[in-house]
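Q: Quick one: structure below, then a few questions.
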Amino acid sequence: MWIKWSLLTIVSILVTIQQMSYWFKKGHRKHAWVFLLWMIIAWGLGSAFIGGLEMPAPTKPLFPAWK
């Protein structure tokens, strides 16, 4: 678990630094901050799934007659 989390964190930081520096150099500061927000959300969700978060599974078919 720690290796997966470490790899997720390192890759997320590297991608974020590269992309934010690109947006700042192009003069699009708002794009950079929005990208940072989305990367924080993505990192949090990735960490939650690595930590064992599971999405609820349906216990019965949603459409029983649909084959």
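The values are calculated or read from the model by the stated rules, or taken from the named source; none is laboratory data. Nothing here was measured: the structure is a model prediction, and the numbers come from that model. For neighbour counting, all protein chains shown are included, and Cβ atoms are generated from backbone atoms with ideal geometry for every residue, glycine included. When the accessible area is computed, the model is the full protein with side chains, heavy atoms only, and any ligands, DNA or RNA have been set aside. Shrake-Rupley method; radii C 1.70, N 1.55, O 1.52, S 1.80 Å.
Q: Considering only protein heavy atoms and a probe of 1.4 Å, how much of the accessible area of the chain is carbon and sulfur, as a whole percent?
A: Carbon plus sulfur share of accessible area: 74 percent.
Q: Which of these values of semi-axes √(5λ) of the Cα gyration tensor in Å was calculated from the structure shown: [x] 35, 18, 8; [y] 18, 16, 8; [z] 16, 12, 12?
A: Among [x] 35, 18, 8; [y] 18, 16, 8; [z] 16, 12, 12, the one derived from this structure is [x].
Q: Using 7 Å Cα-to-Cβ label points, what is the residue 31/residue 55 separation (nm, one decimal)?
A: In this crude label model, residue 31 to residue 55 measures out at 3.0 nm.
Q: Given an 8 Å cut-off on Cα distances and at least 6 residues of separation, report the relative contact order of the chain as a percent.
A: The normalised contact order for the chain reaches 37 percent.
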